[in-house]
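See below for the structure under consideration.
The values are calculated or read from the model by the stated rules, or taken from the named source; none is laboratory data. All values derive from a computational prediction rather than experimental measurement. Heads up, the Cβs are rebuilt from the backbone with ideal geometry, glycines too, and the neighbour counts pull from every protein chain shown. All accessible areas refer to the heavy atoms of the entire protein, side chains included, with ligands and DNA or RNA removed. Shrake-Rupley method; radii C 1.70, N 1.55, O 1.52, S 1.80 Å.
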Amino acid sequence: MAAIPPLFAQQPDRNISVNIQNKSLKEALKVISQEGDILFSYNPRQLPLKEKISLQATDKSVSYLLDQLLKPLGISWIFSENQVILRLEKPLRQPEKQTIQTRKYTISGYLSEKASGEVLIGANVYDKSSLKGTTTNAYGFYSLTLPEGEYTLTFSLIGYTTHQQQVTLNKAQEIRVSLSEASIEMKAVEIVSGKDIHGIDLAGDGEVRLSSSALKRMAGFAGNIDVIKSLQAVPGINAFGDGSSFFYVRGGNNDQNLLLLDEAPIFNPAHLFGFFSALSPDAIKDVKAWKSDFPASYGGRLSSVIDIRARDGNLNRLGFSGNLGIYTSDLTIEGPLAKEKSSFILSARKSNLNWLSNQELTGKSFTIDFYDLNAKLNIRINSKNRLFFTGFTGKDDFSRITNASVNTFGLSWDNTTGTIRWNHLFNNKIFVNTTAIFSEYNYYLYINREQDDYWQSSIQNRTLKSDFTWFSNPSNTIKSGIELSNYYSNPGNVHFSDEETQRNAPQISEYHSLGINFYISNDQIIKEKLSLKYGLRISSWRNLGPATVYFFDPNYTVIDSANVIKGDYYSPFFNLEPRISIAYATGPGSAITAGYCRTTQYLQMLSNSTSPFTSLEVWAPSGPNIKPQKADQFTLGYLTRTSRSKLSFSVEAFYKLFQNQIDYEDHANMLYNPLIEGELRFGESRSYGVELLLRKTEGRFSGWIGYSYARILKTIEGVNNNNEFPAYYDHPHSLFANLALSAGSRWDISANWFYMTGSAFTSPTGFMQYNGYQVPIYGDKNNDRLPDYHRLDLSVSFRLNRPDQRFRHNIVLSVYNVYGRNNPFSISFNKIMNDNGDFVVPADLDGNYEIIPTRISVAGMIPSLNYTFRF
């Protein structure tokens, strides 16, 4: 490696004048370096340094001069990390007697954080000269095969200091590297659209990544950092509105998003109907989201995959952290069981909301309570084997006590997940992960708390899967795997404490299903500027007995039924899901991307509520009456970034076609209905749009601004006279801004602003008199829109400790909806007028007559004060 000593100004666009006559290429590069303050990096064995050249120019940019000088010699250049890297497009011709097969060796190992020992996901490992490299996988492992020789390996990750290491590669080597956290000036926003790897791997379609440090710099609700709501600030991922954890990705419904915690699916990530996320931020290490270009290893949902990785726990020393707030409090403890060999982490959170009850004023009281608990155990058995145990449980409970004869009613739901994962290295090129998964979600609607009478729906999943990764060479990473999943779903049955009442209650048939999936994929770099990702997922599904199956005629009237005995199966499905994406580098720091992705979904949530909150939920599999949902998505994008200003800009357009989409007949009965499948209507939908994102990734002031235009249109047989109509979650225009400022050594300020077109809803076109009542007359479905939604959130954090202290604590003041915008989620057109002449609707039928405004909003301005600490 030969390098001219670095100077202060590294600017390839600077204008200079040169007069080079019949000098060697090496001398010419030295002249340009001195005149333009440019550092060159190249391998002298690969370049014709003795080649005589002449070049004369006046007041021309360095970029122009390099093109004039190097292109005739077949040499390409890129500007990276404050230097110009030179590479020969075609190798120099060598005498035949020197044509000897070069030996290749593999460098492999793990990357981790220096302070805690936590493995680093998505870190870059590459040779500084050739830029051949790879990235660490979800367990921090990398493998890179190169020809024998001398190399300068670079290990980097946004938010950490870059590490370089000289390597003499004459045998297979294992290199473990620890990276230190960067200073505030060097930290990045750490939201990555696609790969950002100095030319090693070109940008991918629709991929978003948020690290734990990025999440902590964002303004959250009531002082709580929220994974789901943070992702809603990214173009293409739309929220429903205030207080809701529902999100919609590129035209897909809320149930078409796959949310994973250490590979276990979470069916309802909401606390307090959606105001809070069920995932504690202190337990989260990394978040990746795919809006398109799904890796073939993921399936089962149409619109997005949110892959959340929990922290492993500190391998080096014991520590704790926590948050004390008005609305919630949490505590996290972590540390080594055996230093550098095993670790644990426990994170618990509980609500502090019962002070909101106001029984003295209203004669009613209610309880609001939720908690969640995350636990993880990490064991390094030896250099080739590692075990992870992850557990999560969370529960919500809402009860209301009234003066009526039936004293209480309430809602409750809970999530429980557990995973056991075994990492095994067969050799330095083959990495295998085998995982056993359990996940369960229960929803309860209490009829009478004292009598323990309730309606319950639930879903349960057990999965065994194994994933293989073969790091064949720097140009090919091949992945394959097999997955066996068992599902159980209770579509809603009642439980009565009275035995005779229970015996007489109808029993709704439960669902049992089995899914078997296989996939194979390859991430391939075809040429220096061209990369390709392609894969195939083969999915199959079958339902198992015991079950009662109903058959319907075209008018959705039951015409027959069948009882399937235990051990038999029915309604098998088999589908092929190809995925492919291509990226071409158009220049230093810019690329064009395109992709196609097919996805299939066999499990769907049945709920005709348009409420933004957790409501009655029934999960049902595909079967005789519900065909598997399918989606085909096409994307085209462009990404560019500048190393001087640390700015990047991306634009991506998409077109998506959905098949076998579900809607509901008017006044559908979704509660405790054995014929619930007869309430469904089916059709197609389409979505299209364009998304723009501008980011500043480093420095004290960082953030991003995003905009998207998208439409979601449905055509459902038997709905809206079979005419196309917008979905209720259709928001044509969305605008997002997330900004963070480190002001001095103690102050951190962050702000989020959201805007989106109001949701579509059906408003009456007129009223008529019927038996003394005014009855609304409706026309087209979703013919109107709610007022546009917009909101500003602010957060200010003040650090109380000195920078060198191990005990760190902060005071955090946050304000949700700073200017108190009342964003309605419901409008009623009942013609009832109060004494002031305002139209109102009667509600709260469980107690005294109350008057509720016809336009309902969730909340105004919500301030919060929190104390956070870490040791």
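So the values come out like this:
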quantity: Those residues of the stretch 680-710 which are touching an Asp or Glu at 6+ places or on another chain (Cβ under 8 Å), of a type in the set (D, E) and surrounded by fewer than 17 Cβ atoms within 10 Å (Cβ to Cβ), in sequence order; calculated: none
quantity: Neighbours by Cβ (under 8 Å, 6+ apart or cross-chain): first from the stretch 370-389, among the acidic types (D, E); second assigned to a loop (DSSP other than H, G, I, E, B); calculated: D372/A278; D372/L279; D372/S280
quantity: Count of the stretch 740-762 residues which are over 20 Å from S814 (Cβ atoms) and modelled with pLDDT under 85; calculated: 1
quantity: Meets criteria (touching a residue at least 24 places away in the same chain (Cβ under 8 Å), assigned to a loop (DSSP other than H, G, I, E, B) and open to solvent by less than 20 Å² (accessible area, probe 1.4 Å)) for A289; calculated: no
quantity: Count of residues meeting criterion [assigned to a strand (DSSP E or B) and either open to solvent by 70 Å² or more (accessible area, probe 1.4 Å) or aliphatic (A, V, I, L, M) (or both)] in the stretch 768-784; calculated: 8
quantity: Residue in the stretch 419-428 that is under 30 Å from A505 (Cβ atoms) and open to solvent by 10 Å² or more (accessible area, probe 1.4 Å) present; calculated: no
quantity: Candidate set: the stretch 440-480, residues that are within 30 Å of Y105 (Cβ to Cβ) and of a type in the set (V, I, T); chosen: the one most open to solvent (accessible area, probe 1.4 Å); calculated: I478
quantity: Residues being within 45 Å of the chain's Cα centre (by Cα) and open to solvent by less than 20 Å² (accessible area, probe 1.4 Å) - total across the stretch 40-62; calculated: 5
quantity: Selected residue (criterion: modelled with the lowest pLDDT) from residues of the stretch 398-418 that are closer than 20 Å to I266 by Cα and open to solvent by less than 40 Å² (accessible area, probe 1.4 Å); calculated: L411
quantity: Subset of the stretch 240-252 (residues that are among the polar types (S, T, N, Q) and surrounded by 24 or more Cβ atoms within 10 Å (Cβ to Cβ)); calculated: S245
quantity: Unmet requirement for L260, which otherwise passes all of (1) part of a strand (DSSP E or B); (2) surrounded by 22 or more Cβ atoms within 10 Å (Cβ to Cβ); calculated: (2)
quantity: One residue from D730, D663 being among the charged types (D, E, K, R) and open to solvent by less than 10 Å² (accessible area, probe 1.4 Å); calculated: D730
quantity: Condition check for I333: assigned to a strand (DSSP E or B), of a type in the set (V, I, T), at pLDDT 90 or above and open to solvent by 10 Å² or more (accessible area, probe 1.4 Å); calculated: yes
quantity: Residue match in the stretch 357-370 (condition: surrounded by fewer than 19 Cβ atoms within 10 Å (Cβ to Cβ), within 27 Å of the chain's Cα centre (by Cα) and at pLDDT 90 or above); calculated: no
quantity: Contacts under 6 angstrom Cβ, first residue in the stretch 146-164 being among the hydrophobic types (A, V, I, L, M, F, W, C), partner open to solvent by 30 Å² or more (accessible area, probe 1.4 Å), 6 or more apart; calculated: L153/Q165; F155/H163
quantity: Residue match in the stretch 90-110 (condition: modelled with pLDDT of 70 or more, aromatic (F, W, Y), open to solvent by 20 Å² or more (accessible area, probe 1.4 Å) and closer than 30 Å to V208 by Cα); calculated: yes
quantity: Search result, residues across the stretch 438-483 that are more than 30 Å from L144 (Cα to Cα), of a type in the set (A, V, I, L, M, F, W, C) and out of contact with any Lys or Arg (no Cβ under 7 Å at 6 or more places or on another chain); calculated: L445, I447, W455, I459
quantity: In the stretch 817-831, the residues that are out of contact with any His (no Cβ under 7 Å at 6 or more places or on another chain) and not in a strand (DSSP E or B); calculated: N817, V818, Y819, G820, N822, N823, S828, F829, N830, K831
quantity: Scan of the stretch 785-816 for residues that are open to solvent by 70 Å² or more (accessible area, probe 1.4 Å), part of a strand (DSSP E or B) and charged (D, E, K, R), ordered by number; calculated: R785, R808
quantity: Selection within the stretch 707-725 - acidic (D, E) and touching a residue at least 24 places away in the same chain (Cβ under 8 Å); calculated: E717
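Every residue, every condition in (1) out of contact with any Gly (no Cβ under 7 Å at 6 or more places or on another chain); (2) among the aromatic types (F, W, Y); (3) closer than 22 Å to W470 by Cα, yes or no:
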site	(1), (2), (3)
P506	yes, no, no
L514	yes, no, no
S531	yes, no, yes
G535	yes, no, yes
L544	yes, no, no
R579	no, no, yes
T586	yes, no, no
S590	yes, no, no
